[in-house]
Amino acid sequence: MSQSDSKTIAVPGIRDMLARLVSLPSISSASAEWDHSNEPVVRTLEEWLKALRFSVEVLPVPGMPGKFNLIATLGSGPGGLVLSGHTDTVPFDDKRWQSDPFTLTERDNRWYGLGTCDMKGFFPLAIEAARAFVGKDLKQPLIILATADEESSMDGARALAEAGKPRARYAVIGEPTSLKPVRMHKGIMMERLKFEGQSGHSSNPALGRNALEGMHEAMTELLALRSAWQEQYRNPSFEVQVPTLNLGCIHGGDNPNRICARCELHFDLRPLPGMNMETLRQAILNKVRPVAERRELSMLFEPLFDGVPPFETPADAALVKACEQLTGHTAHAVAFATEAPWLQKLGLETLVMGPGSIDQAHQPDEYIELSQLAPTVRVLQGLIRQFCL
C-alpha cells in the first residue's frame, strides 16, 4: 500500500476502535455452538495497521478453519518489540449482563463490553501508542501481534511457535494485570485417567474386576505424589507457593449391587516454573500403571488438552527492569496462564502486562477503567522508545 493509499483509511480513536472490536463476536470455545471465527477482528486490525504503514501478515491457524493470527510490523531489524494480544473472548451469559455485551457502554468512568479488559482493549491502546512512531526512523521493529483461541486451546500461539514467527527480542503480552508487570505464572495441566475392568454381581467380588476400587488406589498414589512435589517445590513469589493437584471429577459404576466395570477421573495440576510437564506425566504414569496391572484393569491416561507450561522471566531481565521503571511496580507472579511460554520458545524475552483487572475477566459486565487508558499508552510508548528507537 502506498503512502497516499494509506491515507484513504482513517484510523479511529481509542473509543471507536474498541467499540468496533467489541461489536465483532470472536468467542472461542470447545463447544461448537459457541465457537466463532476471529477473522472479522483480525481483518479490522489489518485495515487499521496497514493505514498506519505497518506491513501486515495474516496467517491461518493450521487445522483450525476460520482462525487466524496477525503479525503487523513497523520498521525492520534483527531485534525489536512485540506487543501481543489475543483476539478471542470467552462465552457469556446475556441474562447476567446489564447491557449488551457487544455494545461498548460507558458508565461510572468505565467501558463495559465483552472483551474490554480480556483483552480486546489492549489493541486500541497499542495502536494509539504506535501512532506517535509512524514515519520515524525505528532502529528496531515494532510488532503488533494478534492471536487466535487463547481462551480455549492456545492453538494460535502454538502455531506461531511452530512457524518460528514473529522474530524479535522482547515481547509484552497485554493481559489484564492492572498495568503491573508479571514475570512468572504457573502452568496448567488437565488430565484424564480411566480404568476398565469387569462387571459382576456384588455378592461375589471374584466375579469381576472393580475399576472403582482401582481408582481409589490410584487416587491415593496421586495424593502421595502431590505431597512429595509440595515438599520438593516451593516458590514464595506465588500466593499459593506450592504446585497443586486437584481431583476435580470422577464417574464410575451404575448400581450399588454391581461390580464397577469403568471409572474415569479428571484432575488438574498447576506446576511451578522449573517443573517439566512431561516429567510430571511420566511420574504419574509410573505410579498408576502398576495399580492397573495388579488389578488386571485396562488403563487410559492422557491430557484433556495439551496444557500450558509454567513461565518465568528472570528478575534482572532488561524488559522486566524497563517495565518496573515505567510503572513503578515490582514485577510479580500470578496464578492464571498466558501465551507467554510460546513467545519464550521463539526466543523472546517476555513479560505480561496490560490494562484492566483479571478480576473483571470472564465476568458478566466486564469492563475496563477509563483511568487505565492514558497510563497504558504512556507505558507502551516508553517501551517503544527504549527498545525500537
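The values are calculated or read from the model by the stated rules, or taken from the named source; none is laboratory data. What you see is a predicted model; the values in this text were computed from it and never measured. Positions of Cβ are backbone-derived with ideal geometry, glycine not excepted, and every protein chain shown enters the neighbour counts. Quick note on the areas: whole protein, heavy atoms, side chains included, nothing else; ligands and nucleic acids left out. Shrake-Rupley method; radii C 1.70, N 1.55, O 1.52, S 1.80 Å.
Given the criteria closer than 30 Å to ASP155 by Cβ, of a type outside the set (Lys, Arg), at pLDDT 95 or above and buried (at least 17 other Cβ atoms within 10 Å of the Cβ), does LEU280 qualify?
Numbers: closer than 30 Å to ASP155 by Cβ: yes; of a type outside the set (Lys, Arg): yes; at pLDDT 95 or above: yes; buried (at least 17 other Cβ atoms within 10 Å of the Cβ): yes.
So LEU280 fits the description; yes.
Can you go through ASP316, ASP306 and tell me which one is part of a loop (DSSP other than H, G, I, E, B), open to solvent by 30 Å² or more (accessible area, probe 1.4 Å) and at pLDDT below 95? First the steps, then the outcome.
Details: ASP316 fails: at pLDDT below 95.
Sole residue among the options that is part of a loop (DSSP other than H, G, I, E, B), open to solvent by 30 Å² or more (accessible area, probe 1.4 Å) and at pLDDT below 95: ASP306.
Please tell me if ALA333 is part of a strand (DSSP E or B) and under 26 Å from ARG281 (Cβ atoms). Lay out the reasoning, then the answer.
Details: part of a strand (DSSP E or B): yes; under 26 Å from ARG281 (Cβ atoms): yes.
Yes; evaluated as a whole, the condition is true for this residue.
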From the list GLU217, GLU162, pick out the single residue that is acidic (Asp, Glu) and farther than 30 Å from LEU142 by Cα.
GLU217
Determine which member of the set MET17, MET119 is in contact with an Asp or Glu (Cβ under 7 Å, 6 or more places away or on another chain), among the aliphatic types (A, V, I, L, M) and in contact (Cβ under 8 Å) with a residue 24 or more places away in the chain.
MET119
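Does the range 119-153 hold any residues that are open to solvent by 10 Å² or more (accessible area, probe 1.4 Å) and either closer than 14 Å to THR376 by Cβ or out of contact with any helix residue (DSSP H, G or I) (no Cβ under 6 Å at 6 or more places or on another chain) (or both), and which are they? Break it down into steps so the answer makes sense when it comes.
First, pick out the residues of the range 119-153 that are open to solvent by 10 Å² or more (accessible area, probe 1.4 Å): 128, 131-132, 134-140, 150-153.
Listed by number, the residues that qualify are GLU128, ARG131, ALA132, VAL134, GLY135, LYS136, ASP137, LYS139, GLU150, GLU151, SER152, SER153.
Would you please name the residue that is surrounded by the fewest Cβ atoms within 10 Å (Cβ to Cβ), looking only at residues in the range 14-65 that are among the polar types (S, T, N, Q) and part of a loop (DSSP other than H, G, I, E, B)?
If we filter the range 14-65 for residues that are among the polar types (S, T, N, Q), which is where we start, we get 23, 26, 28-29, 31, 37-38, 44, 55.
This time we only want the ones that are part of a loop (DSSP other than H, G, I, E, B), so: 26, 28-29, 31, 37-38.
Values: SER26: 25, SER28: 26, SER29: 17, SER31: 9, SER37: 19, ASN38: 29.
Out of the qualifying residues, it is SER31.
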Just one of the numbered conditions (1) crowded, with 19+ Cβ neighbours inside 10 Å; (2) at negative phi; (3) of a type outside the set (Phe, Trp, Tyr) is not true of GLN363; which one?
(1)
What number of residues within the range 361-389 are in contact with a Phe, Trp or Tyr (Cβ under 6 Å, 6 or more places away or on another chain) and not β-branched (Val, Ile, Thr)?
4
Can you tell me how many residues in the range 343-387 are part of a helix (DSSP H, G or I) and over 16 Å from the mean Cα position of the chain (by Cα)?
18
Residue tally, condition out of contact with any helix residue (DSSP H, G or I) (no Cβ under 9 Å at 6 or more places or on another chain) and among the polar types (S, T, N, Q), over the range 101-118
1
Picked from the range 366-381 (must be in contact with a Ser or Thr (Cβ under 9 Å, 6 or more places away or on another chain) and open to solvent by 10 Å² or more (accessible area, probe 1.4 Å)), the residue farthest from ALA19 (Cα to Cα) is PRO375
